[in-house]
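The values are calculated or read from the model by the stated rules, or taken from the named source; none is laboratory data. Note that the structure is a prediction, hence the values are computed from the model and not measured. Cβ: placed from backbone, ideal geometry, glycine included. Neighbour counts: every protein chain shown. These accessible areas exclude ligands, DNA and RNA; they are computed on the full protein's heavy atoms, side chains included. Shrake-Rupley method; radii C 1.70, N 1.55, O 1.52, S 1.80 Å.
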Amino acid sequence: MKVYNTLTRKKEDFVTADGSNKVRLYSCGPTVYSFAHIGNMRTYVFMDLLRRSLKYVGYKVKGVMNITDVGHLLSDGDEGEDKMQKAAKEQQKSPYEIADFYASAFFEDLKKLNIEKPEVCPKATDHVDIMIDFVQKLLDDGFAYETSDGIYFDISKANEYGKLSGSVLEDQQAGARVEVNSEKRHPADFAIWKKAPKEHIMQWESPWGMGYPGWHIECSAMSRKYLGDQFDIHTGGVDAIPIHHENEIAQSEARTGKIPANYWMHGEFMQVNGGKMSKSLGNTYTIDQLQNMGYSPMVFRYMCLNAHYRKKLNFTFEGMDGAKTAYERLCKSMVSHKNGSAITPDEVIEDYKKQFTEAISDDLNVPQALGILWTMLKNPPCSKIYQTAIEFDKVFALSLDKAEDNLPKVSAPEEVIALAEKMQQARLVKDYQTADALRAEIDKLGFTVLNTREGYQLKNKN
Ligand code: AMP
Ligand code: ZN
């Protein structure tokens, strides 16, 4: 398998750090102060495609994804208000209630999108002790210094700070909008611990008084705890490259002497109508909102799969309509292959499988893999093709095994609905003779009855 490594700016052969078939994967998780939007979810769909592709080609995966429930400020730097605290104040709840509520909503979204929950999802607030240890060690070893408002990492001590993004240190000036903290030795030095003013709700005891951890230290401390000093892959969105991941590398390398992950993979952003997705523009949709507009989570997932993870994806409702039509065609085709009687030669099937594996092994070329699926489905209806598509769906996770349920319900004439209801009744009392007779009558009227988990569905035969 080849993957693009942001650190080396090259597509590289993937090999695990210890040569085993077990992949240790860390993914930056959400800050749970509001509902995740579809842009965030694109990044987790990417994480999921990576996990599923690794497993498809034979690896086992141990995935860790943090839940940031403390200390992530409104800007990526050290200025601004704590996002959790701000939401807590606005909604008159405790930050813990806010975090629990939005973390549950996030996991619901993962489920809806068939995103596998990573094996370990540690919460930052449960790991403040190891963050304090981490900070103390960096101070002891001279990589950090104390100021009146916190402990800062000294980037001049880091091994080639900026190597992930390739940015030059001089470029990393603190923004002109915010007052530069005069006690910092370099504007890009970043807080690994903040001393808490009294009114700050979340705070912990530390050797430096009451305070709370910096955002970046959370990921360094938790990835190390669950995956070790050096693991295989670290993922996130591209926005994490220049500050968050750069800082994670600097801290972890200072602590352990090793770059924490061998491969750094980043998902490109989702835009809306060609521009930034932002709350102030009112274009940050959630999965629930899309559902209320008639777009199922699978349609959204299908749209994500159609763009390579390293390309920007422009969200538009025309695009969603296109994805919806294509996804329904896909489901329809699956239904027709399910009971198809055509015989596709084994070598033809094997060739599709080979092409599929090659596509996903080429830096997760899922759009190409989807193209292979479509080509395969163009064959005459054949149950072997259906089975192969179900196998491919281990990676796509488009619920193709439930293709029938995913087809839109058609409006059928009253007469047909009445017959279908009668048929259901007959099935309930196991009177299959009557049920079959009714099915034949419905069939004559141009409809098919599909039995689904929710009851039955009527489909137009054409
Ligand atoms: P946050 O909760 O803000 O830390 O974001 C969670 C994840 O979503 C991070 O990995 C971000 O990189 C990613 N993300 C944020 N906005 C977008 C977007 N518009 N498109 C894709 N990913 C995004
Ligand atoms: Zn992180």
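Figures for the structure shown
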{"read-out": "Between helix 414-428 and the chain: long-axis angle, C-alpha atoms, 0 to 90°, nearest 10", "value": "80 degrees"}
{"read-out": "Violating pairs (Cα-Cα greater than 21 angstrom) within the set 83/194; 11/378; 157/184; 312/402", "value": "11/378; 312/402"}
{"read-out": "Label point distance in nm, residue 402-residue 342, each placed 7 Å from Cα along Cα→Cβ", "value": "2.8 nm"}
{"read-out": "Extension gain from residue 362 to residue 55, taking 0.36 nm per residue of separation minus the Cα-Cα distance", "value": "109.1 nm"}
{"read-out": "The chain - charge dipole about Cα centre, Lys and Arg +1 at Cβ, Asp and Glu -1, debye rounded to 20", "value": "1340 debye"}
{"read-out": "Share of carbon and sulfur in the accessible heavy-atom surface of the chain [1.4 Å probe, %]", "value": "50 percent"}
{"read-out": "Residue 141-residue 316 FRET efficiency (beta carbon distance; Förster radius 56 Å; 0.05 resolution)", "value": "0.65"}
{"read-out": "FRET efficiency, 1/(1 + (r/R0)^6) with R0 35 Å, evaluated for residue 94 and residue 293 via beta carbons", "value": "0.60"}
{"read-out": "Calculated log₁₀ intensity ratio I(q)/I(0) where the Debye formula runs over C-alpha points of the chain, q = 0.08, 0.12 Å⁻¹", "value": "-0.56, -1.06"}
{"read-out": "Selected from 373, 293, 323, residue furthest toward positive end of dipole (region 280-406; charges at beta carbon)", "value": "293"}
{"read-out": "Hits among aspartates and glutamates - C-alpha to C-alpha of residue 311 under 13 Å, sequence gap 8 or more where chains match", "value": "268, 363"}
{"read-out": "Theoretical FRET efficiency, 1/(1+(r/R0)^6), r = Cβ-Cβ of residue 22 and residue 111, R0 30 Å, to 0.05", "value": "0.75"}
{"read-out": "Filter on 384/422; 112/198; 324/444; 86/276; 163/354 - keep pairs with C-alpha separation over 31 Å", "value": "384/422; 112/198; 163/354"}
{"read-out": "Candidate aspartates and glutamates for bridging to residue 332, where Cα separation is under 17 Å - those fewer than 8 sequence places away on the same chain excluded", "value": "321, 393, 401, 404, 405"}
{"read-out": "Cα→Cβ-extended label distance, 7 Å offset, between residue 126 and residue 13, nm", "value": "3.9 nm"}
{"read-out": "Cα centroid separation - region 182-255 against region 280-309, whole Å", "value": "31 Å"}
{"read-out": "Accessible area per residue in Å² at 1.4 Å probe, computed on region 2-267", "value": "40 Å²"}
{"read-out": "Inter-label distance for residue 183 and residue 431, nm, one decimal - labels placed 7 Å from Cα along Cα-to-Cβ", "value": "8.4 nm"}
{"read-out": "Rg followed by Dmax, in Å, when region 1-113 is reduced to its Cα trace", "value": "17.1, 51"}
{"read-out": "Over 19 Å [Cα-Cα, region 280-406], rounded percent", "value": "50 percent"}
{"read-out": "Among beta bridges that DSSP assigns inside the chain, antiparallel share in %, nearest 5", "value": "55 percent"}
